[in-house]
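These notes concern the structure reproduced below.
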Amino acid sequence: MTTSALSQKTTATSGGSPRAARRPLRAVRAIPKVLVVALILAITVVPLIWLLLGSLKTQTEWLNNPSWALPENLLNFANYEIAWVDGNIGRYILNSALATFPSLALIVILGVAAGFALEVLVWRGRNGVLLLFLAGIMVPGQMILLPLFSAYFQTNLTGTIWPLILTYTATGLPLTVFMMATYFRAVPKEIFEAAAIDGASIYRSFLSIAFPMVRNAVFTVALVQFFFIWNDLLISLTFTSVGDFQTIQVGLLNFTGQFGQVQYGPMFAAICINVVGILVLYLFLNQRVMRGLTAGSVKG
Amino acid sequence: MNNVFGNKRAVLVFVGPALLIYALIMLVPVIWSLGYTFFTGSVITGFEFAGLENFERLFTDPKVGEALLFTMKYAVILTIGQILVGYALALLYVFWLKKASSVVRTLVFFPIVLPTVAVALLFQKMFEIAPQNGLVNEALNLVGIASVDWFGTADTAFLVLVIMDIWRSMGFYAVLLYAGLLDIPEEIMESARLDGAGSLALIRRIILPLSLPVLLSSIIFSINGTLKVFDSVLALTNGGPGSSTTPLTLYMFRTAFNYGNYGYGSTIALLLTVICLLVTIFIFRSSRRDLTKN
């Protein structure tokens, strides 16, 4: 039995004869549990519901009704149209996708290969190289921002999508290499030895054995990096100040500025579009996301 | 066999591209940034050698002092808050809700994957006073308290920032610590209970010491993240009112891009990096001493 000490204590302190009190107490004892759970869920969910409802209200409703009032028309999607068309949200999302997916592909290909070389291949200096990658996890983005800005400026890359792709790839690599090396460490060496005896070259081993074996891990790592890159503000704000490649986060930050007076509905719709996209992804992949993000944090 | 696994060319093919990009875009800029600390100017205006001027300025600039203080205050308070709330939730998951906690865990975790900008804008509106009371002020009015101008004073703005970031991250830390709590062997808990340990004694003498390793790694992770706070401040308060909620990261960003001084910006970035390193080493050291003691 794993009855918790917490509940034992409640029985003891509730007084009376414990045996007689036990059965009705079971229901009574569930009340605080339900209340606490309801409170925790409310804290998480209420702001998000308010966001959704707010995106359905007109500007007049926003200014004349209290902010907790329900929208008068629950199917008023006009704000979404304004956000998408006038607010350029569609374009910003496209930009984010243009920066995120190529970076993700590069991170995965380069990171898995490097992890393979660092764990499966035998060569001098591999521990040093792994440490070198690890050191990158510690470096704050601010430390590389200014030289990169200069470099991109002088190579005329400023204003294109390349500064984003290159920087995201490089900043995503340390954690990816580290995580992939950890995964490859768990794969028995004998598998690759057997392949080698059967005449497989090391490239063949990588493509036909190693990569398929860690496919699942690769997906998790890519998912973690997706959130880092998609939600990034610092790098995108720095490198898209000129040009037409503002990502969704930069666009959202500047959203209020575009209209002068705050347009509540469109702004809430813009935030909502951003949130709902992530929510859908989370609905399907939440267990993997939770595993990946927590694994990415406990390192060293 | 060694021919296959010791193949030099294969090593180069596999690790070379990653190392090249990593070196060019992270390692070289770190060194380059160190070089910038001896210059003033920007890539647009051109650079000028300044010797140790930036460092002198760093130590005398009251704004750096203010930003440093804010960064520290934020990092300490938020780390304590995140770990405390996270730990409380984790204990709740493991010992109270048990199997039923899965849905709660998943839901409370969700805000951490949301874009910080989106969350910050939402909280800005939730705590708004003009032109329209936000949800929080409405709730205060309901219980007879007058509306508060949350972003009008440094302390209340800081409070909103802390509330928001704890709201975002508590589920994440709860899951992180939950995994650590699950590793505690049930037999130890059971025997302690049989010996008559109450729930508080159980937490203090068994659960807390045994979850110390995962607590420490969470603290390191939290402090490293909070020292680098940028998105939430920029999007929620934009450093205001005045510059009262400006952390080092934001001050560095302004110095470099609004005032075009890359040299001084790099010097502030260096200060930030050194602090992150020192704090991590310090916590790591003290944790190791603790572990050998046990």
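Out of all the residues in segment B:49-72, which are touching a residue at least 12 places away in the same chain (Cβ under 8 Å), within 22 Å of the chain's Cα centre (by Cα) and open to solvent by less than 60 Å² (accessible area, probe 1.4 Å)? Residues satisfying the conditions are B:Val64, B:Ala67, B:Leu68, B:Phe70, B:Thr71.
Against the test of being free of Cβ contacts under 8 Å to residues at least 12 places away in the same chain and surrounded by 14 or more Cβ atoms within 10 Å (Cβ to Cβ), the options A:Ile89, A:Ile109, A:Ile93 yield a single qualifying residue, A:Ile109. The residues listed here are B:Leu194, B:Leu135, B:Leu177, B:Leu107; of these, the one that is open to solvent by 10 Å² or more (accessible area, probe 1.4 Å), touching a helix residue (DSSP H, G or I) at 6+ places or on another chain (Cβ under 9 Å) and over 20 Å from A:Tyr282 (Cα atoms) is B:Leu135.
If you go through segment A:24-43 and keep only what is under 24 Å from B:Met170 (Cβ atoms) and of a type outside the set (A, V, I, L, M, F, W, C), you end up with A:Pro32, A:Lys33. Every condition in (1) in contact with a Leu (Cβ under 8 Å, 6 or more places away or on another chain); (2) facing another protein chain (nearest Cβ under 9 Å); (3) of a type outside the set (Gly, Ala, Ser) holds for B:Val119 except the one numbered (1).
Residues that are assigned by TED's automatic domain parsing to the domain that holds B:Gly86, in contact with a strand residue (DSSP E or B) (Cβ under 6 Å, 6 or more places away or on another chain) and of a type in the set (Ser, Thr, Tyr): does segment B:256-263 have at least one? Yes, that holds for at least one residue. When segment B:192-206 is filtered for residues that are in a helix (DSSP H, G or I), without any contact (Cβ under 8 Å) to a residue 60 or more places away in the chain and among the aliphatic types (A, V, I, L, M), the ones remaining, listed by number, are B:Ala192, B:Leu194, B:Leu200, B:Ala201, B:Leu202, B:Ile206. In segment B:73-101, the residues that are more than 13 Å from every other protein chain (Cβ to nearest Cβ) and more than 13 Å from B:Gly180 (Cβ to Cβ) reach residues that are outside any helix (DSSP H, G or I) and β-branched (Val, Ile, Thr) with C-beta atoms within less than 7 angstrom, at least six apart or across chains, in these pairs: B:Tyr74/B:Val229. Among residues that are closer than 26 Å to A:Asn64 by Cβ, within 9 Å of chain A (Cβ to nearest Cβ) and part of a helix (DSSP H, G or I), B:Ala139 is included. Scanning segment A:127-147 for residues that are of a type in the set (A, V, I, L, M) and more than 7 Å from chain B (Cβ to nearest Cβ), we see that the one that is farthest from A:Gly115 (Cα to Cα) is A:Leu145.
One line per residue, one yes/no per condition, for (1) more than 23 Å from A:Leu164 (Cβ to Cβ); (2) open to solvent by 50 Å² or more (accessible area, probe 1.4 Å); (3) within 7 Å of another protein chain (Cβ to nearest Cβ); (4) assigned to a helix (DSSP H, G or I):
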residue	(1), (2), (3), (4)
B:Val4	yes, no, yes, yes
B:Arg9	yes, yes, no, yes
B:Phe14	yes, no, yes, yes
B:Pro17	no, yes, yes, yes
B:Ala23	no, no, no, yes
B:Val30	no, no, yes, yes
B:Leu34	yes, yes, no, yes
B:Thr40	yes, no, no, no
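Taken over segment A:196-233, residues that are part of a helix (DSSP H, G or I), within 25 Å of B:Leu12 (Cβ to Cβ) and within 9 Å of another protein chain (Cβ to nearest Cβ) amount to 6.
The values are calculated or read from the model by the stated rules, or taken from the named source; none is laboratory data. Keep in mind it's a predicted model, so treat the numbers as computed, not measured. Neighbour counts are summed over all protein chains in view; Cβ atoms, including those assigned to glycine, are modelled from backbone coordinates with ideal geometry. Heavy atoms of the whole protein, side chains included, go into the accessibility calculation; ligands, DNA and RNA do not. Shrake-Rupley method; radii C 1.70, N 1.55, O 1.52, S 1.80 Å.
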